[in-house]
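> Have a look at the structure that comes next, please.
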Amino acid sequence: MKSLEPELPQVSLSLLGHGIDLDATLTSGQTFSWKRNADGRWRGWIDGRPCLVWTQGDALRAVGPSLTHAAVTRYFGLDVPMREVFASFPSDPWLDRARAFAPGLRILRQEPWETLCNFISSSLKQIVQIQQINHDLRHAFGRQIGEELYSFPDAARLALAPESQLRACRLGFRAKHLFTAARQIASGEVLLERVATLPTVEAREELMRIRGVGAKVANCILLFAYGRIEAFPIDVWVERVLRRLYFNDRPSVTTERMRIFADRHFGPYRGYAQQFLFHWIRKDPKALPEGRKVPVKKASAARVRATSG
DNA sequence: ACCCAGGACTGAT
DNA sequence: ATCAGTCATGGG
């Protein structure tokens, strides 16, 4: 079926990349719909529009329909003063090592709705599986706007989807969470646009009213969609690296204790510290050389509201 | 077969 | 408020 989209003008942009590393940024577990071409260029979506991006020297180049300089800058966080972020970091040899591993890693500002769906889908899933779920949702419920190009379905569309059809997208027990979340958004029970206007603590509370959204998923949405780089999501990897490097592998240290430590230790831009650490321990085989894998204490089910981050 | 995955929800204390 | 069990599915 051919596209019913009006022909949008193709735009070709070149902007200062400020040292962005697309490979690190787009494979660091914050986005799940970009694909790497054989030539190293990346195909994906910015604000719901398909595009192709790559780096050329110090330039970031982007091609796609109706792209704007402002949209690309915002999406890739090129307006974030990384100098200031780095200057705010504590003197910490572990964080230094994580930074040095991928200094061009950047935190994206993605669409809240798709980010919400991705991280509802993420619980107890590996990153490659989240990518597959995103792909399946697009093909099952999105609009085809080109060859092998499917938009991400909006909340109203998913709110009409039979749960059996959602389960076919490998969502498992997350299917009912996603379905309920879609109805909450489509009905206006939770307004994702309003979340953007709230202070981070209140924004997190609002997001946690959504089915399937606990503290960790809410922090991922705040960090990867709303640009709240004070958010500090603690998943099994971050919990593992914090426990090993800062708590001597003590199994009694709770996730909440680590959150308090992280809020104080990593400073106002701790979301970036978190992302450097996460990417480093997952991708660098030499990270945590002496680190035996300690079993991770399960996080408490309580929805913590007392602290920020 | 076994363990793990960018966890959240439910029900029992 | 905290804790253990449960929830599906695919990778290694």
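Each reported figure results from applying straightforward, stated rules to the coordinates on display, with no laboratory input. Predicted, not measured: the structure shown is a model, and the values here were computed from it. Don't worry about glycine lacking a Cβ; one is built from the backbone with ideal geometry, like all the others, and counts go over all protein chains shown.
> In debye, nearest 20, what is the charge dipole magnitude of chain A about its Cα centre with +1 on Lys and Arg Cβ and -1 on Asp and Glu Cβ, if you could check?
With only Lys, Arg, Asp and Glu charged at Cβ, the dipole is about 1120 debye.
> Using just the helices of chain A, give the 222 nm mean residue ellipticity in deg cm²/dmol: DSSP H runs with n ≥ 4 each add -39,500 (n - 2.57), and the total is spread over all residues, rounded to 500.
Taking each H run of at least 4 residues, the total per residue is -12000 deg cm²/dmol.
> About its Cα centre, what dipole magnitude does the stretch A:112-224 give when the only charges are +1 on Lys and Arg Cβ and -1 on Asp and Glu Cβ, stated in debye to the nearest 20?
Dipole of the stretch A:112-224, to the nearest 20 debye: 380 debye.
> So how far apart, in nm, are the two label points at A:His69 and A:Ser187 if each is 7 Å from Cα heading toward Cβ?
Each label point is offset 7 Å from its Cα along the Cβ direction, giving 4.5 nm.
> Could you work out how far the C-alpha centroid of the stretch A:220-237 sits from that of the stretch A:10-28, in angstrom?
Cα centroid of the stretch A:220-237 versus Cα centroid of the stretch A:10-28: 20 Å apart.
> Let me ask something else about it. What Kirkwood radius, in Å to one decimal, follows from the Cα pairs of the stretch A:112-224?
Its Kirkwood hydrodynamic radius stands at 14.1 Å.
> At 7 Å along the Cα-to-beta-carbon direction for both A:Glu84 and A:Glu202, put a label point, then send me their distance in nm to one decimal.
2.3
> Given the Cα atoms of the stretch A:4-72, and with Rh set as the inverse mean 1/r over their pairs in the Kirkwood sense, what is Rg to Rh to two decimals?
Ratio value, two decimals: 0.96.
> Okay, moving on. Which loop-located chymotrypsin sites (Phe, Trp or Tyr not before Pro) does the stretch A:98-184 contain, where loop means any DSSP state but H, G, I, E or B and the Cβ has at most 14 other Cβ atoms within 10 Å?
Taking the stretch A:98-184 and a limit of 14 other Cβ atoms within 10 Å, the loop chymotrypsin sites (Phe, Trp or Tyr not before Pro) found are A:Phe173.
> Hey, rough spin-label estimate for A:Arg211 and A:Ala168, points 7 angstrom out along Cα→Cβ, what's it come to in nanometres?
Between A:Arg211 and A:Ala168, the label points sit 2.0 nm apart.
> Given R₀ = 30 Å, what would the calculated FRET efficiency be for A:Thr180 paired with A:Ile260, taking r from the Cβ atoms and rounding to 0.05?
0.45
> Rank A:Gly172, A:Val190, A:Ser151 by how far each Cα sits towards the positive end of the charge dipole of chain A (+1 on Lys, Arg Cβ; -1 on Asp, Glu Cβ) and give me just the farthest.
A:Gly172
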